[in-house]
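The values are calculated or read from the model by the stated rules, or taken from the named source; none is laboratory data. Predicted model, so just to flag it, every value in this text is computed and none were measured. Glycine gets a Cβ as well: all are built from the backbone with ideal geometry, and neighbour counts include every protein chain shown. Surface accessibility is based on the protein's heavy atoms, side chains included, excluding ligands, DNA and RNA. Shrake-Rupley method; radii C 1.70, N 1.55, O 1.52, S 1.80 Å.
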Amino acid sequence: MSVRYQVSIMSVGDGLRSVRERIVKAVVHMGHLPVDLVSADVFHQAPVETLARHLERTDYLVVVIASDREVATEIVEKAAEACDLAAQNGVPVLGLLARDASESEIVESSASASLVADIERSKAGAVQTLEHPAVATKLLSELFDARPRPGWVSGDKLPTSEVASELVRLTKENAELRETGISFQPGIPEESRWEPVVGALEDNKILIPVWNKSASVWEQPVEMSLFTFFSRIGPQLTVELSVADAAEFVPTGVCQLEAREGRPPWIIPLHSLNLWLTDLLALGLVAPSKRKHIRKDRNQYWSLTTEGREFLAYVRRNALNAGGHRHVGFTSEFPIVVPYGDEDD
């Protein structure tokens, strides 16, 4: 993509019109866009707001200074203000001390000397001696290489609507990934990544009341940590699980009670189950399922989030690395029962 720079040019001192014109021609020959602020009356006549608006849109500012002539104080002050406005917008400023080739040395006026000092103090400015207008091409090329700018391109070279839409999508996706925080930060060990989640789950205990079919009240609750609760119910949530099915699963799959002791369907309190799932929701591990169901289905469904799947894999991976597990059915805690027949069989 061909980039063209807008170069604004102004002069401080009399008799510099020819120098500005040579610099304008040099910029045109380089394929860029020159703007003579003096000839356009932007520098001397226009209000400071107009000058500021123009400098916001320019790429480089060239200030030609008559080093051997006295300059009115108000002109020097306005030039210094223009340099400050350019620096505020990150526009590089190139100060050029104009002199005749026949002069052996430069005798600067006090006004021009103060302007040179202002430009040199600015982080965006530099001052060079312009012994001949032809040297401007070399100085500008060096400035473009040292301080590249965004520049301007033709309208037909701009990205298409499809490219712009894709950039918007990628920007939105990047923002969403950043919001997830530590889980998407590269180079973080798994232990450090999941340590806060493991700590929160292990430090909080829950009481699971169970209703036995032969009783008329809730039995002595089963106590466990949220970590154990998630570890045992997590595999059931990999796709999705209704609250009704969860209520039937918890007594056997989480509390490890014999199935015949339960009384379906509400063997544990619904409000308690929702509270525990909400705690897991607060840690980013589960969320209400987004899968569509028939209109008549009034059940509530939950499933693991992407982070919940990664955390469950981390938990199971640690368990597998520790060894000693015998897997039967939906949990590793049930013992293996091998039926034996008669010896004669």
For this session: Working only within the range 3-35, note down all residues that are of a type in the set (Lys, Arg) and open to solvent by less than 70 Å² (accessible area, probe 1.4 Å).
Result: Arg20
Seminar exercise, completed: Taking the range 128-165 and the residues there that are at pLDDT 80 or above and open to solvent by less than 30 Å² (accessible area, probe 1.4 Å), the one that is nearest to the chain's Cα centre (by Cα) would be Gly151
Problem set entry | Close pairs (8 angstrom Cβ cut-off, 6 or more residues apart or separate chains): closer than 14 Å to Val254 by Cα in the range 267-279, at pLDDT below 85 and open to solvent by 60 Å² or more (accessible area, probe 1.4 Å) anywhere | Ile267/Glu248
Exercise. Is at least one residue of the range 285-297 part of a helix (DSSP H, G or I) and either among the aliphatic types (A, V, I, L, M) or crowded, with 19+ Cβ neighbours inside 10 Å (or both)?
Worked result: no
Problem set entry | Qualifying positions in the range 6-34 - part of a strand (DSSP E or B), under 38 Å from the mean Cα position of the chain (by Cα) and touching a residue at least 40 places away in the same chain (Cβ under 8 Å) | Gln6, Val7, Ser8, Ile9, Leu33
Exercise. Only one of (1) out of contact with any Phe, Trp or Tyr (no Cβ under 9 Å at 6 or more places or on another chain); (2) in contact (Cβ under 8 Å) with a residue 24 or more places away in the chain fails for Ala282. Which number is that?
Worked result: (2)
For this session: Scan the range 37-57 for residues that are over 19 Å from Leu115 (Cβ atoms), open to solvent by 30 Å² or more (accessible area, probe 1.4 Å) and not in a helix (DSSP H, G or I) and jot them down.
Result: Ser39, Ala40, Asp41, Gln45, Pro47
Exercise. If you check Leu277 against the conditions, is it at pLDDT below 85 and of a type in the set (A, V, I, L, M, F, W, C)?
Worked result: no
Exercise. Restricting attention to the range 166-178, and to residues there that are modelled with pLDDT of 80 or more and among the basic types (Lys, Arg), which single residue is least open to solvent (accessible area, probe 1.4 Å)?
Worked result: Arg169
